[in-house]
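Data block below; observations after.
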Ligand SMILES: [Ca+2]
């Protein structure tokens, strides 16, 4: 690296020895390890979407990009996706794939601007087909909220598609 000399020069000028930099790097590794350990609390397998137990911490889904997750003990996993702007009455389908759909419960609601309730439940029904649970609905404005609960250790993927 061409900048190495300059960096070393700076370190010497400020009285820092190279060993100090190494200790800093080790400290970062320890912090990363602690963060991973704390993030794993309350789940048997690693779920990169945690924490997502609260609507305010819902994991944002990009349309048609499946995200994998794991249900932990006493866990709920919440995902969200904004309705596309400008569409008159866009239809969406939320799909959860898992080995045994009996192990998972999917509820879909919405956060609608200017509605006095925090979450609106339009009565979108979950439909189980083979290895997947689907909920279809329409939302022209606001945010679709997806709530997953189920048997601890259940691995799933969730996606949303708009048309
Ligand atoms: Ca969760």
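Every number here is computed from the coordinates shown, using simple stated rules; none is lab data. Treat the numbers as computed from the prediction; the structure is a model and nothing was measured. With ideal geometry, Cβ positions are generated from the backbone for all residues, glycine too; neighbour counts draw on all protein chains shown.
Over all distinct Cα pairs, what is the inverse of the mean 1/r for segment 86-156, reported as the Kirkwood hydrodynamic radius in Å?
Answer for segment 86-156: a Kirkwood hydrodynamic radius of 13.1 Å.
What distance in nm separates the two pseudo spin-label positions at residue 117 and residue 147, each 7 Å out from Cα along the beta-carbon direction?
Taking the two extended label points, one gets 1.1 nm.
Tell me, what is a quarter of the convex hull surface for the C-alpha atoms of segment 43-163, in nm² with one decimal?
7.1 nm²
Ranked highest first by the average count of other Cβ atoms within 10 Å around their residues, in what order do 125-131, 88-94, 47-53 fall?
47-53, 88-94, 125-131
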